[in-house]
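Visitor: Just passing along the structure, written as structure tokens.
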Amino acid sequence: MSAAVGVGMTVLGFSGLLPFAYERRHAAIDVLIPGDRSAVSAVYRTEDGHERRAFIGAPMVAVIPPEQSCSIQCERPADTLVLQVSQDFFAEQARAALGEPALRLVARYAAFDPFIREVGNALQVELDHGRPPNAAYLEPLAGVIAVHLARHYSAAAPNCAAPSGLPSHKLKRVQAFIAEHIAETIHVDRLAAEAHMSPFHFARMFKHSTGQPPHLCIVMQRVRQAKALLRESDLPLIEVAAQSGFRTQGHFTGVFRRYTGYTPRAFRLDCRAAQDE
């Protein structure tokens with residue numbers, strides 16, 4: 001494990017050489033950023049005392065507030081970052097930026113957050129090259145992250161409202177349609193027709209059900225399809241792109257890198273290297 005300590009935030013980098021496990025510090029907010037091949041699980045207790053297990057995988061992240069008792073483990077070797085933001089520092093930054101120091105964060109174990117993902121990718125590159133970020137680098141970054149958490153993960157934030165989404169049978173029908181037609185152009189209007197709803201109403205309820213708008217869900221399904229083909233076949237990259245529903249190889253490469261941190265070629269080579277070990 002590598003670590004970088006700054007004012008308000010500590011970065012824990014768990015190496016891809018070994019699985020890991022750790023117990024959380026209750027004085028900090030944990031932001032968990034699993035690597036592309038990580039199989040991370042979190043065991044926690046709900047307010048009524050029941051034990052629950054959540055699985056977190058890329059490109060999702062997890063945000064765990066200080067009061068949430070939780071243990072984290074990764075069952076196979078893969079890079080994973082944990083950003084530990086001091087509760088006192090978070091309160092100070094929330095007060096300065098929003099005038100609300102007493103915000104209560106809500107635990108999110110499968111949050112789609114491109115900003116946090118980009119921060120994690122940048123920090124991981126630094127750690128991979130043996131350059132742990134120093135306090136001067138981490139302090140302003142910690143402030144930005146603290147305000148981001150206050151805006152998007154507090155109990156009052158819009159995306160933490162109680163969900164009321166699609167009925168399960170409609171959601172399954174739509175997800176099955178996406179999987180079956182992933183290589184084709186898929187419009188929201190067509191998904192809405194599968195659910196027998198207007199496009200506007202469907203899109204709103206779909207996001208309540210999954211945490212993602214329909215177009216993003218389609219993109220993530222395409223990325224998963226591409227990852228499977230890259231791991232399990234020798235298809236040329238242009239064919240992988242076509243079978244995953246990307247219009248061009250350039251578009252495929254850009255989207256794939258954005259959500260995994262790898263180019264398709266680098267991802268395939270990394271998978272092959274892991275299989276040869």
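The values are calculated or read from the model by the stated rules, or taken from the named source; none is laboratory data. Keep in mind that this is a model prediction, so the values were computed, not measured. Here the Cβ is made from the backbone with ideal geometry for all residues, glycine too, and neighbour counts use every protein chain on show.
Visitor: Six or more apart or on different chains, Cβ under 8 Å: which pairs go from a residue in the stretch 29-42 that's free of Cβ contacts under 8 Å to residues at least 40 places away in the same chain and over 15 Å from ALA111 (Cα atoms) to one that's outside any strand (DSSP E or B) and among the basic types (Lys, Arg)? Could you list them?
Guide: ALA39/ARG76
So that you can scan it fast, the table gives a plain yes or no per residue for (1) surrounded by 13 or more Cβ atoms within 10 Å (Cβ to Cβ); (2) under 12 Å from the mean Cα position of the chain (by Cα):
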residue	(1), (2)
VAL106	yes, no
TYR109	yes, yes
ASP113	yes, yes
ILE116	yes, yes
ARG131	no, no
ALA135	yes, no
LEU138	yes, no
ILE145	yes, no
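Visitor: Further question: Here's a check for you: in the stretch 241-257, which residue that is out of contact with any Lys or Arg (no Cβ under 9 Å at 6 or more places or on another chain) and either of a type in the set (D, E, K, R) or surrounded by 15 or more Cβ atoms within 10 Å (Cβ to Cβ) (or both) is nearest to HIS215 (Cα to Cα)?
Guide: First, the residues of the stretch 241-257 that are out of contact with any Lys or Arg (no Cβ under 9 Å at 6 or more places or on another chain): 242-243, 247-251, 254, 257.
Retained after the next criterion (residues that are either of a type in the set (D, E, K, R) or surrounded by 15 or more Cβ atoms within 10 Å (Cβ to Cβ) (or both)): 242-243, 247, 249, 257.
On the way: ALA242: 18, GLN243: 18, ARG247: 15, GLN249: 19, ARG257: 18 Å.
Among residues in the stretch 241-257 that are out of contact with any Lys or Arg (no Cβ under 9 Å at 6 or more places or on another chain) and either of a type in the set (D, E, K, R) or surrounded by 15 or more Cβ atoms within 10 Å (Cβ to Cβ) (or both), the one nearest to HIS215 (Cα to Cα) is ARG247.
Visitor: While we're on this one: So which strands (runs of 3 or more DSSP E) stay within the stretch 1-120 end to end and still have 2 or more residues that are more than 27 Å from ARG272 (Cβ to Cβ), modelled with pLDDT under 75 and not assigned by TED's automatic domain parsing to the domain that holds SER209? Can you show your working first?
Guide: Details: elements: 2-5, 9-14, 20-23, 28-34, 40-45, 51-56, 60-64, 70-74, 80-86, 108-112.
Filter on the stretch 1-120 gives 20-23.
Visitor: Name the residues in the stretch 248-272 that are more than 23 Å from ALA122 (Cα to Cα) and either at pLDDT 90 or above or assigned by TED's automatic domain parsing to the domain that holds VAL61 (or both), would you?
Guide: Applying the first criterion (more than 23 Å from ALA122 (Cα to Cα)) to the stretch 248-272 yields 248-249, 272.
Result: THR248, GLN249.
Visitor: Another question about this same structure. Sort through ILE186, ILE145, ILE182, ILE178 and tell me the only one that's in a helix (DSSP H, G or I), assigned by TED's automatic domain parsing to the domain that holds ARG272 and at pLDDT 90 or above.
Guide: Details: ILE186 fails: in a helix (DSSP H, G or I); ILE145 fails: assigned by TED's automatic domain parsing to the domain that holds ARG272; ILE182 fails: in a helix (DSSP H, G or I).
Going through ILE186, ILE145, ILE182, ILE178 in turn, just one is in a helix (DSSP H, G or I), assigned by TED's automatic domain parsing to the domain that holds ARG272 and at pLDDT 90 or above: ILE178.
Visitor: Select from the stretch 189-202 the residues that are part of a helix (DSSP H, G or I) and either crowded, with 17+ Cβ neighbours inside 10 Å or at positive phi (or both) and list them in ascending order.
Guide: LEU191, ALA192, PHE202 - these are the residues of the stretch 189-202 that are part of a helix (DSSP H, G or I) and either crowded, with 17+ Cβ neighbours inside 10 Å or at positive phi (or both).
Visitor: Out of the residues in the stretch 238-252 that are touching a residue at least 12 places away in the same chain (Cβ under 8 Å) and not aliphatic (A, V, I, L, M), which is farthest from GLU180 (Cα to Cα)?
Guide: Looking at the filtered set, the residue picked out is GLN249.
Visitor: Conditions: (1) free of Cβ contacts under 8 Å to residues at least 12 places away in the same chain; (2) among the small types (Gly, Ala, Ser); (3) within 30 Å of ILE29 (Cα to Cα). ALA142 meets all but one. Number of the miss?
Guide: Going through the list (1) free of Cβ contacts under 8 Å to residues at least 12 places away in the same chain; (2) among the small types (Gly, Ala, Ser); (3) within 30 Å of ILE29 (Cα to Cα), ALA142 breaks only (1).
Visitor: Quick check, is PHE206 within 20 Å of ASP113 (Cα to Cα), modelled with pLDDT under 90, touching a helix residue (DSSP H, G or I) at 6+ places or on another chain (Cβ under 6 Å) and of a type in the set (A, V, I, L, M, F, W, C)?
Guide: Numbers: within 20 Å of ASP113 (Cα to Cα): yes; modelled with pLDDT under 90: yes; touching a helix residue (DSSP H, G or I) at 6+ places or on another chain (Cβ under 6 Å): yes; of a type in the set (A, V, I, L, M, F, W, C): yes.
The answer is yes for PHE206.
Visitor: Please determine, by comparing only the residues of the stretch 175-212 that are hydrophobic (A, V, I, L, M, F, W, C) and touching a residue at least 40 places away in the same chain (Cβ under 8 Å), which one is farthest from ARG224 (Cα to Cα). Talk me through it step by step, then tell me what you get.
Guide: Kept after step one, since they are hydrophobic (A, V, I, L, M, F, W, C), are these residues of the stretch 175-212: 176-179, 182-183, 186, 188, 191-193, 195, 197, 200, 202-203, 205-206.
Adding the requirement that they be touching a residue at least 40 places away in the same chain (Cβ under 8 Å) leaves 178-179, 182-183, 186, 205-206.
Working: ILE178: 12, ALA179: 10, ILE182: 11, ALA183: 12, ILE186: 16, MET205: 23, PHE206: 19 Å.
Out of the qualifying residues, it is MET205.
Visitor: Turning to a different aspect of this structure: What number of residues in the stretch 162-175 are assigned to a loop (DSSP other than H, G, I, E, B) and out of contact with any Phe, Trp or Tyr (no Cβ under 9 Å at 6 or more places or on another chain)?
Guide: Restricting attention to the stretch 162-175, the residues satisfying the condition of being assigned to a loop (DSSP other than H, G, I, E, B) are 162-167.
Adding the requirement that they be out of contact with any Phe, Trp or Tyr (no Cβ under 9 Å at 6 or more places or on another chain) leaves 162-164, 167.
Looking only at that region, the number is 4.
Visitor: A follow-up question, please. Of the numbered conditions (1) free of Cβ contacts under 8 Å to residues at least 12 places away in the same chain; (2) surrounded by 13 or more Cβ atoms within 10 Å (Cβ to Cβ); (3) not small (Gly, Ala, Ser), THR260 satisfies every one except a single condition; which is it?
Guide: Only one criterion in (1) free of Cβ contacts under 8 Å to residues at least 12 places away in the same chain; (2) surrounded by 13 or more Cβ atoms within 10 Å (Cβ to Cβ); (3) not small (Gly, Ala, Ser) is unmet by THR260, namely (1).
Visitor: May I pose another question? For the stretch 253-262, name all the residues that are part of a loop (DSSP other than H, G, I, E, B) and under 17 Å from ILE182 (Cβ atoms). It would help to see each step written out before you state the result.
Guide: Taking the stretch 253-262 and keeping what is part of a loop (DSSP other than H, G, I, E, B), we get 261-262.
Correct list: empty.
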